[in-house]
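Each reported figure results from applying straightforward, stated rules to the coordinates on display, with no laboratory input. Since this is a predicted model, take the numbers as computed values, not measurements. All Cβ positions, even for glycine, are placed from backbone atoms using ideal geometry, and neighbour counts span all protein chains on display.
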Amino acid sequence: MTLCTPYQTQQLDTNTLPEVMERIYREVVEDYGKGKVADYIPVLKEVNPRQFGMALRTIDGEEFSIGQASAPFSIQSISKLFALMLALDIYGEEIWERVGREPSGMRFNSLLLLESEGGIPRNPFINAGAIVISDIIAAYSSIPAKRIQDFIAGLSNNPDNRIDPVVAAGEKATGFLNTAIANLLKALNNLHSDVDRTLDCYFKQCAISMNCIDLARATECLANRGCSNFNSCFSANNTHKRINAIMLTCGLYDAVGNFAYHVGLPAKSGVGGGIVAVAPGQYSVAVWSPELDDYGNSLLGQAALEKLTSYTQTSVF
Ligand code: GLU
């Protein structure tokens, strides 16, 4: 039998953190070459795969970073997190009449469940759900993609976090499945705007470029009960709690259980190789490395976060 020590919430030790991050960096780069960069659009395919960055921001505003933490990359599905934050803040609980809150267990761009479940996507982080969220924002804003871009610029306090037009054009040119999803949503009465207008917003939000430092800043409010040093992010009290719950259960495609098992933090990933994660009451962290595993999650990014929560004992469990 092993002896148990009394449970104590472990606070992040910021004195040793630079050393811990250096160790993580040294260890994860050994895995270069084991994954594959996203190749569905040429501009993503051309990204140098051997890159790794990590930035962590505590709720007191201290920042730590390593590697290519200030290199901008395509946030892709991490934009679904910001779009959800915005839609939930504007419309509140009403959004759940059009999108669910359960993991799908299917690939992020699958059409399979959508028809059998009457056009209500399982959650806002699969493509069908994110397209519904884009549509919700499109009902509120005349230029919805710009509204999301401005929201992100405000959260990160950096107006340079913008839509990359080359990536956006690539999304549109290759977005056959997303176009099929939007048309099915329209046919099943869960898309109120024009299909093209909604898709334009969705493709553009996926094409926003950011770096790890700004991503950690933009998600600080999720670690800090809805507030950040830049802004009070939400009008309703429990919005951060709702969003973190959805990240924990739906944020890593159909590998979310595995991620919770290894890392134990609410998080959201994107096929550009980024992952943002939140340790409530402590910090937000963003990692980026373009090589992906078979589920579309950054290989080194996941390994780095597993090491971070293990070495600092800061998972939510
Ligand atoms: N733009 C991608 C798509 O819609 C997003 C992929 C992702 O990061 O999950 O297929």
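Before moving on, here are some points about what is shown:
- Relative exposure of S298, S209, S235, judged by other C-beta atoms within 10 Å (fewest first): S235, S209, S298
- Cα centre as origin, Lys/Arg/Asp/Glu Cβ charges: the chain dipole, Debye: 240 debye
- Across region 127-187, Cα pairs under 8 Å and at least six residues apart give a relative contact order of 42 percent.
- Kirkwood radius for the chain, taken over all pairs of different Cα atoms as the inverse mean of 1/r, rounds to 19.4 Å.
- Residues H240, H192, arranged from fewest to most other Cβ atoms within 10 angstrom of their Cβ, appear as H192, H240.
- In order along region 263-279, the phi-based Karplus estimate (6.51 cos²θ - 1.76 cosθ + 1.60, θ = phi - 60°) of 3J(HN,Hα) comes to 9, x, 9, x, 7, 9, 10, x, 6, x, x, x, 9, 10, 9, 10, 9 Hz; Gly and Pro are listed as x.
- Neighbourhood charge, 15 Å Cβ-Cβ cut-off, centred on T309 and excluding it, Lys, Arg +1 and Asp, Glu -1: -1
- Residues listed by number, region 140-157, amide nitrogen under 18 Å from N189 label point at 7 Å toward C-beta: none
- Summed residue charge, Cβ within 13 Å of T58's Cβ, Lys/Arg positive, Asp/Glu negative: -3
- Estimated FRET transfer efficiency (S116, S141; beta-carbon r; R0 35 Å; 0.05): 0.65
- Charge-dipole axis of the chain as Lys and Arg at +1 and Asp and Glu at -1 on Cβ define it, positive-most pick from L88, V166, L292: L88
- Computed E for E62/Y32 - FRET, C-beta separation, R0 30 angstrom, nearest 0.05: 0.55
- Note on region 130-286: with charges restricted to the Cβ of Lys and Arg (+1) and Asp and Glu (-1), its dipole about the Cα centre is near 300 debye.
- Fully extended contour minus Cα-Cα distance, from Q10 to D196, at 0.36 nm per residue: 62.1 nm
- Relative exposure of D13, D294, judged by other C-beta atoms within 10 Å (fewest first): D294, D13
- Contact order, relative form, for the chain: 27 percent (alpha carbon pairs under 8 Å, 6 or more residues apart, mean separation divided by residue count).
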